[in-house]
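Report on the structure given below.
The values are calculated or read from the model by the stated rules, or taken from the named source; none is laboratory data. Keep in mind it's a predicted model, so treat the numbers as computed, not measured. Positions of Cβ are backbone-derived with ideal geometry, glycine not excepted, and every protein chain shown enters the neighbour counts. Quick note on the areas: whole protein, heavy atoms, side chains included, nothing else; ligands and nucleic acids left out. Shrake-Rupley method; radii C 1.70, N 1.55, O 1.52, S 1.80 Å.
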Amino acid sequence: MKKSDILVILIIVAVLAPFFIPATGFFAWFNATTAAHPFIMAFFKFAILAVFGEMWALRIRKGVWYEQGFGVLPRMIVWGILGMAIAMAMMIFKSGVPVFLAAVGGVDPADIISIFKAPELTWGKVGVAFAVSVAMNSIFAPVMMTLHKCTDIHIMSNGGTLRGFFTPIKMREIISTKVNWDVQWNLVIKKTIPFFWFPAHTITFILPGNLQVLFAALLGVALGLILALAGGSKK
C-alpha cells in the first residue's frame, strides 16, 4: 500500500465519520439541505463522488490517484452538471412512470402512486421501482453516458486545464473518430445498463427518501468508476 493510499483512506474516514456520529447532527443537516436545495446538493455530490470514482479507476489501471492532464476541476464541473441532470431525471421518471403504468393498466394513477410511496416493501412497490429504473436508464442514461464520454475526451485532449475545457467542444470530430463505440455500445450501454443500473436504481427507488440520497451518492462513485474503467479498456 502506498502513502497516497493511506492518505486517501484517512480522508475518506474523515469525510464519512460525521455521518455516523449522531452528536454532530451532520446527517440531519445533509438530509435537510438536500431536501431544500436538491440541485445544488446534486452538483456537489456528483462533482466529488463521481470524480473520486474516476480517480479510483486511475489508481486501479495505472497505480496512481492523479496524473498530468487528468483535469480534476473540469471533471468536477462536468459531473456536477450531470448530477443536476440526474436529479432532474429522477424527479421526472418517478412522477411520470407511475402515471404511464396507470394509463396502460387502465387504473387510477393515485393507486399506483400510493403503492410506490407506501413505506412497507411489497412486490407491487418493487415492480413500480423497477419500471421507473428501466425507463430512466433506457431513455436518459445512454445519452448522458455518451455526453460524459465526449466531455471526457475533450478534457484529456486539452491537457486537463480549465482554459482548455472552456474551448468549443469538437463534438462531430469526437463522436465520429475518437469515441470507441465498441466499448461505448457493447460494454457501457449494452451491459452496464441492464445488468447493473436496472437493479441498482430499482433498489434506489424502493428505499426511503432519506436513504435514497445516501445510496445515490454511493452509486455516484460506482458510475464514475465504471465509466472510467470502460474508457480505459482496450477491447
Exercise. How many residues does the range 62-108 hold that are assigned to a helix (DSSP H, G or I) and under 19 Å from the mean Cα position of the chain (by Cα)?
Worked result: 23
Seminar exercise, completed: Looking across the range 123-137 at residues that are touching a helix residue (DSSP H, G or I) at 6+ places or on another chain (Cβ under 7 Å) and open to solvent by 30 Å² or more (accessible area, probe 1.4 Å), the single one that is farthest from P194 (Cα to Cα) is G124
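Yes or no, residue by residue, for (1) crowded, with 16+ Cβ neighbours inside 10 Å; (2) assigned to a helix (DSSP H, G or I); (3) touching a Phe, Trp or Tyr at 6+ places or on another chain (Cβ under 7 Å):
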site	(1), (2), (3)
M1	no, no, no
D5	no, yes, no
L10	no, yes, no
A14	no, yes, no
P18	no, yes, yes
F39	no, yes, no
K45	yes, yes, no
F52	yes, yes, no
Exercise. Among the residues of the range 114-121, is any open to solvent by 40 Å² or more (accessible area, probe 1.4 Å), within 30 Å of T146 (Cβ to Cβ) and among the hydroxyl-bearing types (S, T, Y)?
Worked result: no
For this session: Kindly check whether there is at least one residue in the range 20-39 that is within 15 Å of the chain's Cα centre (by Cα), among the β-branched types (V, I, T) and farther than 14 Å from F205 by Cβ.
Result: no
For this session: Could you run through the range 32-89 and say how many residues are touching a residue at least 60 places away in the same chain (Cβ under 8 Å), farther than 24 Å from F166 by Cβ and among the charged types (D, E, K, R)?
Result: 1
Problem set entry | Residues (part of a helix (DSSP H, G or I), open to solvent by less than 30 Å² (accessible area, probe 1.4 Å) and either touching a Lys or Arg at 6+ places or on another chain (Cβ under 9 Å) or at pLDDT 95 or above (or both)) located in the range 166-200 | I174, V183, Q184, V188
Exercise. Any idea which residue in the range 201-235 is modelled with the lowest pLDDT, counting only those that are among the polar types (S, T, N, Q) and part of a helix (DSSP H, G or I)?
Worked result: N210
Seminar exercise, completed: Reported set for the range 78-95 where residues are over 29 Å from A131 (Cβ atoms) and surrounded by fewer than 19 Cβ atoms within 10 Å (Cβ to Cβ) is none
For this session: Evaluate the range 38-46: report whether one residue or more is within 21 Å of P208 (Cα to Cα) and in contact with a Pro (Cβ under 7 Å, 6 or more places away or on another chain).
Result: no
Problem set entry | Residue list for the range 118-174, filter: in contact (Cβ under 8 Å) with a residue 60 or more places away in the chain and of a type in the set (D, E) | D152
